[in-house]
Amino acid sequence: MLKLKAGKKSATSLPKLKVPAHVAIIMDGNGRWAKKRHLPRFAGHKRGADVVRDCVEASLDLGIRYLTLYAFSSENWKRSTEEVSDLMSLLRLYLRREIDDLDKNGVYITTIGDRSRLAPDIVELIVQAEKKTQNNKKLQLTLALNYGGQAEIVHAVKQLVRDAKDGKVSDDDINEECVARYLYTNGMPDPDLIIRTSGEKRLSNFLLWQAAYTEFAFLDVLWPDFTKESLIEAVTDFSQRDRRYGAR
Ligand code: IPE
Ligand code: IPE
Ligand code: MG
């Protein structure tokens, strides 16, 4: 699937890579990309949504099993009504346009985050996409929508307290594995690699619990300029890291 120009690194020509099972990406820099070109922010978001396609293809080729994309944070509602509405329209467009191809390529698509504030038609598109792709095993594509790490932990704690009241869990049962089961990411491995584009070096409330031992790649490239090669480079760099998890 990767169509690379001769001379460039391709997934197949690379030496044996330690490929991360789970890559999560903070897709940042759409606004700055547009500003540099004297275009409206929408143009940056549109290009950003198109780039997701290349990113998914590259993930499939590299053999990544979980790709989690931060598409809309619980704090992004603070943006203008126009920008929020543009982002939601692009999300609709993406879901309508890509599902068949994702399905053909063995991708299971799902989301993390609080769906209750999303428009009902978007929730319906997500439910349909999940249903259609639920048996696909090659790659799990998870879109973080109205997602915030702190809100996720609050949501988990609330449910845990309810279950404790109902006698379904006792305080002795509560450990790291138990808490993880109450998070939106239940059943997924923690991210091995988090990539953030646009030169910013912060998590912005992404996967706070899950990032305990994650490796980070902060790239200067703005998200709309992200290419398959950008992903290959980040994975190649990851491949050379020594992860110790606190052990010697
Ligand atoms: C990322 O690009 C897209 C979302 C947060 C939805 P930005 O819109 O944050 O772009 P910058 O950071 O302003 O350049
Ligand atoms: C993080 O980017 C959220 C997404 C990429 C969806 P932001 O642009 O919202 O983050 P801050 O405001 O720079 O921290
Ligand atoms: Mg930003």
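One table, with the values for the structure above:
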read-out	value
Lys, Arg +1 and Asp, Glu -1 on Cβ, resulting dipole of the stretch 91-133 about Cα centre, debye, nearest 20	60 debye
Difference of contour (0.36 nm per residue) and Cα-Cα distance, Leu17 to Val157	46.6 nm
Student exercise, the stretch 88-233 dipole from Lys, Arg, Asp, Glu Cβ charges, in Debye to nearest 20	540 debye
In Å², nearest 10: area of Phe72 left accessible to a 1.4 Å probe	10 Å²
Residue range of the chain that is longest and free of GluC sites (Glu not before Pro) which are both DSSP loop and sparsely packed (at most 15 other C-beta within 10 Å)	76-199
Estimated vicinal HN-Hα couplings, Hz - the stretch 172-184 in sequence order (Karplus 6.51, -1.76, 1.60; Gly, Pro = x)	5, 7, 7, 9, 4, 5, 5, 4, 4, 5, 8, 7, 4
The chain, dipole about Cα centre (Lys/Arg Cβ +1, Asp/Glu Cβ -1), debye to the nearest 20	760 debye
Percent accessible area from carbon and sulfur atoms, the chain, protein chains only, probe 1.4 Å	50 percent
Table column - 3J(HN,Hα) (Hz), the stretch 232-245, Karplus curve with 6.51, -1.76, 1.60, x for Gly and Pro	4, 5, 5, 5, 4, 5, 4, 4, 8, 7, 10, 9, 10, 6
At R0 = 51 Å, FRET efficiency that the Cβ-Cβ distance of Lys132 and Asp171 yields, to 0.05	0.80
Whole-number accessible area per residue in Å² for the chain, which is evaluated in the context of all protein chains at 1.4 Å	54 Å²
All lysines inside 22 Å of Lys16 as judged from Cα atoms, apart from same-chain residues fewer than 8 positions distant	Lys3, Lys5, Lys8, Lys138, Lys228
Interchain or long-range residues, amide H under 5 Å from Met27's placed H	Tyr70
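The values are calculated or read from the model by the stated rules, or taken from the named source; none is laboratory data. Here the structure is a predicted model, which means the values were calculated and not measured. Ideal geometry is used to build each Cβ from the backbone, glycine not excepted, and the neighbour counts take in all protein chains shown. Each accessible area value is taken on the protein alone, full model and side chains, heavy atoms only, with ligands, DNA and RNA left out. Shrake-Rupley method; radii C 1.70, N 1.55, O 1.52, S 1.80 Å.
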